[in-house]
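To start, the structure itself, in structure tokens.
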Amino acid sequence: MIKPTLLVLAAGMGSRYGSLKQMDGVGPNGEAIIDYSVYDAIRAGFGKVVFVIRHSFAEDFKEVFNAERFGHRIEVEYVYQELDYLPEGFTLPAERVKPWGTNHAVMMAADVIKEPFAAINADDFYGRNSYEVIAGFLSELEGQEGRYCMVGYEVSKTLSENGTVSRGVCTVDAEGNLTSMVERTQIERVNGTILFHDGGADEPLAENTPVSMNFFGFTPDYFRHSESFFKEFLSENIDNLKSEFYIPRMVNKVINDGTATMKVLSTRADWFGVTYKEDKPQLVAKIEELIEAGVYPRNLWE
């Protein structure tokens, strides 16, 4: 069985945290969400972690998140996402300041990832079981192409008590494969029922509706397909200064074209994130519960 790679999308961290050394800790010894993600990946059998970052904060980032921090238990590499990293024939508009999006970030790792890999957000806590189920799927794919996967979370496990959230709501066929992913905004629980507000109308969602939290698994051919479609995207959107090349857009493309299938994997884990600043105490408390239950050691890297 092959050891998959974990790709951590962290190029947006500089703007959120400023100096990374002062990044908010969520663990008892100041551990960041990234620490728990890497720890879970190591336990699940991942062999390498690749961080997508930017040159503007690379020195600070590497000083914090490196192989020594992780006890040399996993190989660590870094790649860079910059606005002007575009295919030949395309020029960055002078007014462009917005990043090109999550799938552009994924594409930056094409030269260093040659095995099945999982892509995650740096600031989402996905839970131990999610890494186990995606590693189990990816480890069986050596030499295969077009068999992708994602961890589907029950929407009820991804809500915030402090406001509405946006989620990629998934439709799944009888074989457990994704057929569509639609971004729904302003999802919240109202009087015990989960609703999303669509054009002013309140539409209900079942408690166990699978949603994407950007935890995807791919084989390396995904880079090739992304490069091709990104050129199409740029041809149509290069002058739209707010356009972004998101992973769900690319996923829907390959599924609709029949280029690939995407298995939706179930997980027992809850997702946690800090959508609102008021969400942080809940995340800190949840990690403490997991430590008390023996899921994580109190000193993560000792």
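Rule-based calculations on the coordinates, nothing more; no lab input. Just so we're clear, the structure is a prediction, and the values are computed from it rather than from any experiment. Please note: Cβ atoms are built from the backbone with ideal geometry, for glycine as well, and neighbour counts cover all protein chains shown.
If you project the alpha carbons of region 42-120 onto the principal axes, what extent comes out on each, in Å, largest first?
Here the Cα extents, ordered largest to smallest, are 43, 28, 18 Å.
Report the Stokes-Einstein translational diffusion coefficient (µm² s⁻¹, integer) for region 1-160, Rh taken as the Kirkwood radius over Cα pairs, at 10 °C with viscosity 1.306 mPa s.
94 µm²/s
Here are some pairs, K231/K253; K242/K277; K48/K114; K3/K48; K3/K114; which of them have Cα atoms lying more than 19 Å apart in this structure?
K242/K277
Given 0.36 nm per residue, what is the gain on full extension from V64 to R224 after removing their alpha carbon distance, in nm?
54.4 nm
Kindly give Rg over Rh for region 134-287, based on alpha-carbon atoms, with the Kirkwood expression for the hydrodynamic radius.
Numbers: Rg = 17.0 Å, Rh = 17.1 Å.
So for region 134-287, dividing Rg by the Kirkwood Rh gives 0.99.
Please give the net charge around Y153, taking every other residue with its beta carbon less than 9 angstrom from that of Y153, where Lys and Arg add +1 and Asp and Glu add -1.
My count for the surroundings of Y153 gives 0.
Counting pairs of alpha carbon atoms under 8 Å apart in space and at least six apart in sequence, what relative contact order in percent does the chain give?
24 percent
For the chain, take N as its residue count and report Rg(C-alpha) divided by 2.2 N^0.38 Å.
Taking the Cα Rg and dividing by 2.2 N^0.38 Å, one obtains 0.98.
I need H104, H72 ordered by Cβ neighbour count within 10 Å, fewest first.
Fewest to most other Cβ atoms nearby, the residues stand as H72, H104.
Cut-off under 27 Å on the C-alpha distance; same-chain residues fewer than 8 positions from K280 excluded. Which lysines are left, in chain and number order?
Leaving aside lysines fewer than 8 places away in the same chain, those within reach of K280 are K21, K62, K98, K157.
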